[in-house]
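The values are calculated or read from the model by the stated rules, or taken from the named source; none is laboratory data. All of these numbers come straight from a predicted model, not from anything done at the bench. Ideal geometry is used to build each Cβ from the backbone, glycine not excepted, and the neighbour counts take in all protein chains shown.
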Amino acid sequence: MTKTGILCSLCLLLALPLSGSGDEFPERFSRDTAGALNEFGCLRPLPPSGDGPKRLVMGDSNGLLHVYEERDGAFEEIWVSDYLEGAISGLDVVDVNDDELLEIVVFTDRGRLHYFDIQEYNTLWSNPPTEYGKITAQTIRNIDDDPQPELIFCAAGRLIIFDGRDQFEEWRSDEENFATTDILVADIDGDDEDEIVLNDGYVFDARFHTLEWQSPESFGERMGVLDIDDDGIMELIGEFNGRFLRIFDIDLRREKSLKP
Ligand SMILES: [Ca+2]
Ligand SMILES: [Ca+2]
Ligand SMILES: [Ca+2]
Ligand SMILES: [Ca+2]
């Protein structure tokens, strides 16, 4: 692969939506024309209905969810939610309840979870207001034997695994001091089982939730994975201060040596 090819792959990996079940962003939302838009965690494309216009869903820091529709080359707001009790800190468009329809799943800074349908934007479900404290990081993936995805998030310093369809907490960590702001799920040690990686340096087995490694140092603010030495095992690539990249061999439990 050329140097440019590797860079493109890196950018793609770092910029991919968390679960990727929604439509792709329109072509013109590239880095060149729209800045970092398609890397934002609170902005996602919505699948158009039939041949209908493109739509976007965006959650803002005032706790409102907006849906925009493309009209004559620009976007216009066609729906806005009620106040969702807390700044919206993450969202995804995913079939969260395994009924073969996509939902909008919203996480707020103050521990609220909300599901919306993508036709009329009705609220399908919300968790109780005081169930969780501050949610600092989240992702949605199927990490066990049941077909529905799990919501994997850090709330009030704990790692929580939450069943997406039946809406109950499957597991929570004993540790309650995580300062996690990014969560990644991938097989990063080559044993064919996924790990849950917290960017503040913790690696859990995704299925059994055992702590596999506590790194003495953070993995950066954002994380991506790519096998860059063709050994069949993903390397973890962490971004620090919004720019600097460091590469970790999680299977060897250390930063990768890249000296020439
Ligand atoms: Ca669904
Ligand atoms: Ca599952
Ligand atoms: Ca693994
Ligand atoms: Ca590798």
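Looking at (1) in contact with a Cys (Cβ under 6 Å, 6 or more places away or on another chain); (2) surrounded by fewer than 14 Cβ atoms within 10 Å (Cβ to Cβ), which is the only condition residue 91 fails?
Against the list (1) in contact with a Cys (Cβ under 6 Å, 6 or more places away or on another chain); (2) surrounded by fewer than 14 Cβ atoms within 10 Å (Cβ to Cβ), residue 91 comes up short only on (2).
Restricting the range 139-148 to residues that are touching a residue at least 12 places away in the same chain (Cβ under 8 Å) and near ligand 2 (Cβ under 6 Å from one of its atoms), which is nearest to residue 93 (Cα to Cα)?
For the range 139-148, the residue satisfying everything is 148.
How many residues are surrounded by 12 or more Cβ atoms within 10 Å (Cβ to Cβ) and more than 13 Å from residue 189 (Cα to Cα) when one looks only at the range 242-255?
4
Any idea which of (1) more than 16 Å from ligand 4 (Cβ to nearest atom); (2) over 20 Å from the mean Cα position of the chain (by Cα) is the one residue 149 doesn't satisfy?
(2)
Looking at residue 222, is it surrounded by fewer than 17 Cβ atoms within 10 Å (Cβ to Cβ) and basic (Lys, Arg)? Show your work before the answer.
Working: surrounded by fewer than 17 Cβ atoms within 10 Å (Cβ to Cβ): no; basic (Lys, Arg): yes.
Answer is no for this residue.
Residues 248, 244, 240, 178: which one is aromatic (Phe, Trp, Tyr), within 16 Å of ligand 4 (Cβ to nearest atom) and more than 28 Å from residue 99 (Cβ to Cβ)? If you could, list the steps in order and put the result at the bottom.
Values: 244 fails: within 16 Å of ligand 4 (Cβ to nearest atom); 240 fails: within 16 Å of ligand 4 (Cβ to nearest atom); 178 fails: within 16 Å of ligand 4 (Cβ to nearest atom).
Only one candidate passes the filter, namely 248.
Please go through the range 101-132 and pick out each residue that is surrounded by fewer than 19 Cβ atoms within 10 Å (Cβ to Cβ), free of Cβ contacts under 8 Å to residues at least 24 places away in the same chain and among the acidic types (Asp, Glu).
Listed by number, the residues that qualify are 117, 120, 131.
Condition test on residue 239, is it over 21 Å from the mean Cα position of the chain (by Cα), modelled with pLDDT of 95 or more and either surrounded by 18 or more Cβ atoms within 10 Å (Cβ to Cβ) or within 16 Å of ligand 1 (Cβ to nearest atom) (or both)?
In short, no.
Which fully enclosed strands (runs of 3 or more DSSP E) of the range 69-127 have 1 or more residues being within 16 Å of ligand 2 (Cβ to nearest atom) and more than 16 Å from residue 152 (Cα to Cα)?
On the way: elements: 74-80, 88-94, 103-108, 113-117, 123-126.
By residue number, 103-108.
Restricting attention to the range 220-231, does a residue exist that is hydrophobic (A, V, I, L, M, F, W, C), free of Cβ contacts under 8 Å to residues at least 60 places away in the same chain and not in a loop (DSSP other than H, G, I, E, B)?
Keep residues of the range 220-231 that are hydrophobic (A, V, I, L, M, F, W, C), which gives 223, 225-226, 228.
Within this subset, residues satisfying the condition of being free of Cβ contacts under 8 Å to residues at least 60 places away in the same chain are 223.
Adding the requirement that they be not in a loop (DSSP other than H, G, I, E, B) leaves 223.
Checked the range 220-231: at least one residue is hydrophobic (A, V, I, L, M, F, W, C), free of Cβ contacts under 8 Å to residues at least 60 places away in the same chain and not in a loop (DSSP other than H, G, I, E, B).
What number of residues in the range 47-68 are at pLDDT below 95 and in contact with a Gly (Cβ under 8 Å, 6 or more places away or on another chain)?
Going through the range 47-68 one residue at a time, the tally reaches 1.
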